[in-house]
Amino acid sequence: MSKHFDVIVIGGGPGGYIAAIRAAQLGFNVACIDEWKNAKGGPAPGGTCTNVGCIPSKALLQSSEHYEHAGHAFAEHGIGLKDLSIDVKKMLARKDKVVTQNNEGILYLFKKNKVAFFHGRGSFVKAVDGGYEVAVGDESLVGKQVVIATGSTARALPGAPFDEEHILSNDGALRIGEVPAKLGVIGSGVIGLEMGSVWRRLGAEVTVLEGLPTFLGAVDEQIAKEAHKLFIKQGLKIELGVKVGEITVAAKGAKKGAATHVTVAYTSAKGEAQTLEVDKLIISIGRVPNTTGLNAEAVGLRLDERGAIVVDDDCRTNLPGVWAVGDVVRGPMLAHKAEEEGVAVAERIAGQHGHVNFNTVPWVIYTSPEIAWVGQTEQQLKAEGRAYKAGTFPFLANGRARALGDTSGMVKFLADAVTDEILGVHIVGPMASELIAEAVVAMEFKASSEDIARICHAHPSLSEATKEAALAVDKRTLNF
Ligand code: FAD
Ligand code: NAI
């Protein structure tokens, strides 16, 4: 006997669990299926984000930042510490506890909102009268509407499969048991920089090999250059424009106790043959949409050449009543983008007009300093031939940043040359992840840089740098 639902959500990551909760709030009878297992084999909803992504990486970033501050920044405040040490096992246990709290929080939210949760893999069986049959283990569910939110998985390099001991995806990178003497990272994208920062702060010598000749090509050039300079100063070794060749892991038993285990052959930007020898190698070269086990063929669900589910602007697939959101569809692979799509789809199912404004989806890289942006970059505006004005303000001239002892970076505004509408805001500096929210609100309300320049900002606060950058658009900063 099948169990019948108005809406079945496949995948319990940020796209799926939020879609399920919003659909339940709107009065639907909802099921959410998720297959993630915790260490004991029990349910662990929350997807990549909660289990091996946003949450655990931020937990480790926080721990490693405390360690770095204690080792390098405290002395300047007159705080002396003897015998500073790091207990990696304890740090990882704390991270795991944070993850578990989030898993449990989601299970609680399902209960609170009366979402029926099924632990297991959801697979399409067939289209039925007025909906779709989906199997989970031995159970058969029928949903009038189905929302697919099956996420993404790490992309491997050909010939170098993840073993999670020496060649690590984001999963292994989050549970290295002791600080490696030498850590290699392939790909200087978001994961490479965040995870590279964690282990560098804890004492590893970190070398990042990037295929492209430019650093953080999607980021505003001025901000990327500043960030690059700061990361190099911190001790991250970043080689751009390389071509990675063969990756070999030392044979088991060979040279017991040897310091290096993975060898990466590569060609440098100058065309020279090089090798990098490291204890651990993180490969962070992007992620691929995940439809494994979904049995998409059974119902004729259309995928593109990358394996992403094809959707329209409203997340409708080619099948009536089947929607898809998050990493498994086009667009940035970000948790908050997945959530926004989840809400919009639930509202569309209810006949409302849920909508995601991709132009105001913020990006944050949680390094130190943090990098955050929303809207267009200066290079995009130039390429479009759009007339714009730019204003920047350095944190060096911000009183709160000086008091914090964190004066690196800047805020940058880009505004239309004629209307003054804000087109993009780019930040590298302390708490950029929080500061960017003001820019997102401003852009959603189509504010001008003058609007921000005229709003009273608390003193002393980092947000004054945002106001000053808005003033700088009109060349009238007050404190610089
Ligand atoms: P996912 O979170 O991947 O969830 C999909 C879920 O569906 C999983 O639980 C999976 O097991 C389940 N599933 C798949 N197939 C089936 C099936 N057939 N049946 C049942 N269940 C199934 N984004 C940010 O915005 N901020 C960050 O700070 C950030 N940090 C990150 C750090 C790392 C190391 C990584 C790897 C990613 C990070 N991301 C971050 C990206 C973010 O994790 C993803 O964008 C987000 O998780 C996508 O959500 P989703 O719901 O689409 O998919
Ligand atoms: P990414 O797309 O951010 O970066 C991948 C990097 O690898 C790029 O710079 C690319 O040029 C490089 N690369 C690709 N192939 C290569 C090769 N063969 N050799 C050398 N370099 C190569 O991907 P990443 O870091 O794996 O992260 C995946 C996604 O996860 C991100 O794009 C983001 O959507 C999400 N994420 C978001 C975070 C956040 O919001 N703070 C944190 C971590 C991940």
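Observations on the structure shown:
- For the stretch 212-227 versus the stretch 411-445, the gap between their alpha-carbon centres in whole angstrom: 18 Å
- Alpha-carbon spread of the stretch 360-473, three principal axes, descending order, Å: 40, 28, 21
- Straight Cα distances below 16 angstrom link Lys382 to the lysines Lys412, with same-chain residues fewer than 8 positions distant left out.
- For Ile282, the residues whose amide H sits under 5 Å from its own are Leu168, Gly184, Val185, Ile186, ignoring neighbours fewer than 5 places away on the same chain, with H placed 1.01 Å from N.
- Charge dipole of the chain (Cα centre as origin; +1 on each Lys and Arg Cβ, -1 on each Asp and Glu Cβ, all else neutral): 840 debye, rounded to the nearest 20.
- Ligands, DNA and RNA left out, the accessible area of the stretch 360-473 computed with a 1.4 Å probe is 56% carbon and sulfur.
- Helix-derived mean residue ellipticity, 222 nm - over the chain, DSSP H n ≥ 4, -39500 (n - 2.57), to 500: -9000 deg cm²/dmol
- At full extension, Lys37 and Arg316 could sit 97.5 nm farther apart than now, given 0.36 nm per residue minus the alpha carbon distance.
- Modelled FRET efficiency - R0 41 Å, Ala265 with His4, Cβ distances, 0.05 increments: 0.10
- Near the amide H of Phe118, within less than 5 Å, lie the amide hydrogens of Cys32, Ile33, Asp34, all on another chain or at least 5 residues away, with H placed in the peptide plane.
- Were the residues from His77 through Leu478 laid out at 0.36 nm apart, the gain over their Cα-Cα distance would be 141.5 nm.
- Volume per residue of the C-alpha convex hull in the chain, rounded to whole Å³: 177 Å³
- Cα-projected label distance for Leu240 with Val98, points at 7 Å along beta-carbon direction, nm: 3.1 nm
- Relative contact order (percent, whole number), the stretch 167-285, Cα cutoff 8 Å, 6+ residue spacing: 35 percent
- Asn113-Ala437 pseudo-label distance in nm [points 7 Å out on the Cα-to-Cβ vector]: 2.0 nm
- Summed side-chain charge close to His66 - residues other than His66 whose Cβ falls under 15 Å, Lys, Arg +1, Asp, Glu -1: +2
- In this structure, Asp87 and Ala273 have a Cβ-Cβ separation that, at R0 = 41 Å, corresponds to a calculated FRET efficiency of about 0.50.
- For the pair Gln380 and Asn357 in one chain, pulling the backbone fully straight at 0.36 nm per residue adds 6.5 nm over the alpha carbon distance.
- Grouping the Cα pair distances of the stretch 32-190 into 5 Å bins from zero gives a pair-distance distribution of 1, 7, 13, 15, 15, 13, 11, 9, 6, 4, 2, 1, 1, 0, 0 percent in increasing distance order.
- Extreme residue, positive dipole direction of the stretch 366-452, given options Pro394, Tyr366, Val440 (C-beta unit charges): Pro394
- Taking a straight line from the alpha carbon of Lys89, these lysines sit under 24 Å away, with near neighbours fewer than eight places off in the same chain left out: Lys37, Lys40, Lys58, Lys97, Lys182, Lys256, Lys280.
- The residues of the chain have, on average, 47 Å² of accessible surface per residue, using a 1.4 Å probe with all protein chains present.
- The stretch 184-334, accessible surface, carbon-and-sulfur percent (1.4 angstrom probe): 53 percent
- Label-to-label distance, Ala218 versus Thr292, with points set 7 angstrom from Cα along the beta-carbon direction: 2.3 nm.
- Kirkwood-based shape ratio for the stretch 1-92, expressed as Rg/Rh from alpha carbons: 1.26
The values are calculated or read from the model by the stated rules, or taken from the named source; none is laboratory data. Since the model is a prediction, treat every value here as computed from it, not as a measurement. Reconstructed Cβ throughout: ideal geometry from the backbone, glycine too, with neighbour counts over all protein chains shown. Quick note on the areas: whole protein, heavy atoms, side chains included, nothing else; ligands and nucleic acids left out. Shrake-Rupley method; radii C 1.70, N 1.55, O 1.52, S 1.80 Å.
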